[in-house]
Amino acid sequence: MWTQELHETLEQNDFGLILSAYKNATILHDEWYKAWHHWALFNFDIVSYNENRQQRNRTGGITYVVMAVDGFIRSIALGVSKARGHVQQDILRLLTLWFRYGS
């Protein structure tokens, strides 16, 4: 999160560093809702970034979709009893990805 906050606008060069930090959080704390939520949310943001840049490349972009879906499913499962407000947002984002890329 702090790395994201340093940059007002994200650039593709920053994606790897930020993704690795979130991935490490999910590995170190695999039962922590917030780690999975932020992992999924950042992947979702990358998908949105690529869509805004008209880079809907199915080979590169679909990887972020898959990682976002996996992260949202895990965060929803972990956050049902703890973070209901965020879980509802995660469900809506998961449905958004499903309807856009579920074919």
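Only the coordinates and a few stated rules stand behind these numbers; no lab work does. Everything numeric here is computed off the predicted structure, so don't read it as measured data. Glycine gets a Cβ as well: all are built from the backbone with ideal geometry, and neighbour counts include every protein chain shown.
Please work out the FRET efficiency for the pair N13 and D70, using the Cβ-Cβ distance as r and a Förster radius of 22 Å; give the result to the nearest 0.05.
The pair N13/D70 has a calculated efficiency of 0.35.
Highest mean first, how do 13-23, 28-38, 61-71 rank when packing is the count of other Cβ atoms within 10 Å averaged over residues?
Top to bottom by mean Cβ count within 10 Å: 61-71, 28-38, 13-23.
At what distance in nm do the modelled label points of S81 and S20 sit from each other, each positioned 7 Å from its Cα along Cα→Cβ?
Inter-label distance under the simple model: 3.6 nm.
How far apart, in nm, are two points set 7 Å out from the Cα along the Cα-to-Cβ line at R53 and at Q88?
Spacing of the two 7 Å Cα→Cβ label points: 3.4 nm.
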